[in-house]
Amino acid sequence: MGRVNYGHKLLADSQHKGIRTGVCVDLHFHLHWKQYPLDLQDLSQLDFSKEWQAGAPAFYRYDFQLDHTLDTYLDMTGFGKGVVFVNGHNLGRFWEVGPTTSLYVPHGFLKEGANSLIVFETEGRYQETLQLVQQPTFKEVKGENL
């Protein structure tokens with residue numbers, strides 16, 4: 001998921017991401033498929049009217065009100081993998097494998113009154129509510145919370 005960001009490999013072909021040599025399914029190349037780029041710079045045109053479908057990637061919107069703003073964490077427990085935006089700011093990526101299951105939300109990204117969170121979830125998982133918490137959350141390992 002990462003790539004080298006320094007040294008002689010910085011511009012190497014091995015550091016490019018995406019599909020480069022084709023897609024194989026059961027050892028056979030899969031042809032005639034479509035790729036749809038997602039413009040994550042402007043999320044204002046997203047349509048949130050569709051119903052949730054298990055296993056299908058989707059965007060979800062959560063609106064909430066705040067009386068005052070503080071630095072906080074967004075608990076992403078229950079989601080699989082994706083990226084979160086708050087009031088148009090990219091908070092970052094999340095992945096259920098951890099070790100952290102939360103994203104830091106600086107108070108400058110929030111505002112008193114109406115706020116909006118947009119989650120792009122690639123694994124087709126959904127939660128009806130999200131929680132802002134005071135401390136980061138971590139994935140449990142062998143029955144212990146880190």
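The values are calculated or read from the model by the stated rules, or taken from the named source; none is laboratory data. None of these values were measured; they are calculated from a predicted model. Every residue, glycine among them, receives a Cβ derived from its backbone with ideal geometry; neighbour counts consider all protein chains shown. Heads up: the accessible areas ignore ligands, DNA and RNA and are worked out on the full protein's heavy atoms, side chains in. Shrake-Rupley method; radii C 1.70, N 1.55, O 1.52, S 1.80 Å.
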Under the condition of being of a type in the set (Asp, Glu) and in contact (Cβ under 8 Å) with a residue 24 or more places away in the chain, which residue from the range 101-129 is least open to solvent (accessible area, probe 1.4 Å)? 121
Looking only at the range 1-58, which residues are open to solvent by less than 100 Å² (accessible area, probe 1.4 Å), polar (S, T, N, Q), more than 30 Å from residue 87 (Cα to Cα) and in a loop (DSSP other than H, G, I, E, B)? none
Identify, by number, the condition in (1) more than 23 Å from residue 18 (Cβ to Cβ); (2) touching a Lys or Arg at 6+ places or on another chain (Cβ under 6 Å); (3) touching a residue at least 24 places away in the same chain (Cβ under 8 Å) that residue 68 doesn't meet. (2)
Can you pull out every residue in the range 96-121 that is over 21 Å from residue 41 (Cα atoms) and under 12 Å from the mean Cα position of the chain (by Cα)? 96, 101, 102
Only one of 67, 47 that is at pLDDT below 95 and among the acidic types (Asp, Glu): 47
Before we move on, is residue 94 closer than 30 Å to residue 134 by Cα, part of a strand (DSSP E or B), free of Cβ contacts under 8 Å to residues at least 40 places away in the same chain and in contact with a Leu (Cβ under 8 Å, 6 or more places away or on another chain)? yes
Test: residue 63 is in contact with a Ser or Thr (Cβ under 6 Å, 6 or more places away or on another chain), charged (D, E, K, R) and either open to solvent by 100 Å² or more (accessible area, probe 1.4 Å) or without any contact (Cβ under 8 Å) to a residue 60 or more places away in the chain (or both): yes
